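Engineer: Have a look at the structure that comes next, please.
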Amino acid sequence: IEKFITAKEGNKALRNFNISILIMPDFWDYYEKNEPYPLVNPKDGKASLKNAIIKKSTSWANHFITISEVMVPEIVEHWGVDEKKVSVIHLGVDEWWKESVSEEEKRQVLDRYHLAPQFLLFVGTLQPRKNLARIMKAYNQLSGELQREYRLVIVGKEGWRSEEYISDLQKLIANDKC
């Protein structure tokens, strides 16, 4: 709790939940030229306000907050931030998710979606930063027996650059793996 409270001191904390643009191949071309990366909303093609904010915020922020330990080395490496200035505050889970569900309710959902009681679940928008390609590759490396026992269930809508996943997903579906 103390970390959370002190992270906001001075009101100059940069709260960041996603720096995935930093791993996009063309991002660094813009960075080297000291130009803002053209973030655009894939739905409407309009530029994002984040272009200006990212560039300015790393210079004035005295603390950085992220939701994952995985992001700490990326923030340190890509933004040149001292690791001591980065705090991780994990997202919370509502108590509703912890409520028990009856066996009958479970059976109804499994039947509705034609699922076995055990499965591997991915939930998220289909886009490169969600690492779905790696999930599918790892799943394909499982033995046939494990794939039959633990079906891969993918839930999410198409996002930017999702077309590269669609054909892979269709192959998994055609082979009755997904």
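Every read-out reported here was derived from the displayed coordinates using simple, explicitly stated rules and does not represent laboratory data. Small disclaimer: the values here were computed from a predicted structure and weren't measured. In this analysis, Cβ positions are derived from the backbone assuming ideal geometry, glycine residues included, and neighbour counts consider all displayed protein chains.
Engineer: Quick one: 3J(HN,Hα) in Hz for the range 97-108, Karplus 6.51/-1.76/1.60 with θ = phi - 60°, rounded, Gly and Pro as x.
Structural biologist: Going residue by residue, I get 5, 8, 5, 6, 10, 5, 4, 5, 4, 4, 4, 4 Hz, with x marking Gly and Pro.
Engineer: Next question, about the same structure. Sticking with the crude label model, points 7 Å out along Cα→Cβ, report the distance from Glu99 to Ala138 in nm, one decimal please.
Structural biologist: Each label point is offset 7 Å from its Cα along the Cβ direction, giving 3.1 nm.
Engineer: Assuming 0.36 nm per residue, please report the length gained on full extension of the stretch Ile166 to Leu121 beyond their Cα-Cα distance.
Structural biologist: Extra length from Ile166 to Leu121 when fully extended: 14.5 nm.
Engineer: List every residue whose amide H lies under 5 Å from the amide H of Ser68, counting only residues 5 or more places away in sequence or on a different chain, with H placed 1.01 Å from N in the peptide plane.
Structural biologist: The answer is Ile89.
Engineer: Quote to one decimal, in nm, the extra length available between Val70 and Ile89 on full extension: 0.36 nm per residue of separation minus the C-alpha distance between them.
Structural biologist: Here the segment from Val70 to Ile89 would lengthen by 5.6 nm.
Engineer: What chymotrypsin sites (Phe, Trp or Tyr not before Pro) in the range 101-178 are in a loop by DSSP, with at most 12 other Cβ atoms within 10 Å of the Cβ?
Structural biologist: In loop regions of the range 101-178 (DSSP not H, G, I, E or B), the sparsely surrounded chymotrypsin sites (Phe, Trp or Tyr not before Pro) are Tyr113.
Engineer: Now for a different question. Taking H placed 1.01 Å from N in the peptide plane, check which residues at least 5 places from Val86 or on another chain put their amide H under 5 Å from its amide H.
Structural biologist: Here the answer is Phe64, since their amide H atoms fall under 5 Å of that of Val86.
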